[in-house]
Structures are given as C-alpha cells and as structure tokens.
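First comes the structure, then the notes that go with it.
The values are calculated or read from the model by the stated rules, or taken from the named source; none is laboratory data. Note that the coordinates shown come from a computational prediction; the quantities given were computed from them, not determined experimentally. All Cβ positions, glycine included, derive from the backbone under ideal geometry; neighbour counts span all protein chains shown.
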Amino acid sequence: MTIQVDEDRQEPWTVLRISGELDLVTSPLIRRRLHDAVAGGRHDVVLDLSAVRFCDSSGVGVLVAARRLMRSCGGRLRLILPARGAEDGAHVNRVLAALGVRRLFEVYADVPAALDDTAAPLSA
C-alpha cells in the first residue's frame, strides 16, 4: 500500500496525517479511519494532506464523503493543503480546484492554523 496515516489527538481535534498516494487502492483505508474516528466520538477532524503526492477521483470522493459524514454528526472537517510550490500536497489542492470542489472545504496552511479556532481558512 502506498499510503501512511499517523493519528494525533489534540483535543478536541483528531489530526490524521496522510502521506503517499490517495487513490482507488488506498481510499478505503482513509474512509475506514474517518469512520473509526466518528464511531469513537471524535467529530472534529483535521486531514493533513500536505504529504499526499497523488490524488485521483476516488480520493476526492473520500474527501467529499468525509465532509458529508462530519456534517451529519455535527462535527468539523478541516484540510491542510499547501497552495503551491510544495512538491507534495499542492497536487491535491490543484485537483480539488480543477473539479470545482475546493470551495466546499475549510483549508488551512498548516496544522497549528487548523487547530486555532480564531484563524480564518485560506480562500479558495
């Protein structure tokens, strides 16, 4: 499998740091980790995608489904996406923007900003 997920809890947030490729093969793992978090009562999740090198349509589908899941349970979902210049991570930002779904997400430059409820998300 070409993906790694590290979990870090910084109450009330659960941070999932994802690195590798988010594709048809690896998307079910991310979906399962998100469902496990919600089942465990953790409804505020940050997905750090800054080390994701590749994302296909199934990866985008997981992100959109994650947004729906978090909204359905009254939770919050925030994404970490480098805007440009970064070798990793910027790919996901470009894919989401190209598909017109980037605006659906609260996006932050880094984990500390995402955890700070006074920080504004980056504009689309």
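Listed values, structure above:
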item: Residues satisfying the stated conditions in the range 18-27, i.e. within 14 Å of the chain's Cα centre (by Cα) and surrounded by fewer than 18 Cβ atoms within 10 Å (Cβ to Cβ); result: Gly20, Asp23
item: Selection count where residues are among the hydrophobic types (A, V, I, L, M, F, W, C), in contact with a strand residue (DSSP E or B) (Cβ under 8 Å, 6 or more places away or on another chain) and under 15 Å from Leu81 (Cβ atoms), scope the range 31-68; result: 11
item: Output for the range 77-86, where each listed residue is surrounded by fewer than 17 Cβ atoms within 10 Å (Cβ to Cβ) and at pLDDT 95 or above; result: none
item: Test: Ala39 is of a type in the set (A, V, I, L, M, F, W, C) and surrounded by fewer than 19 Cβ atoms within 10 Å (Cβ to Cβ); result: yes
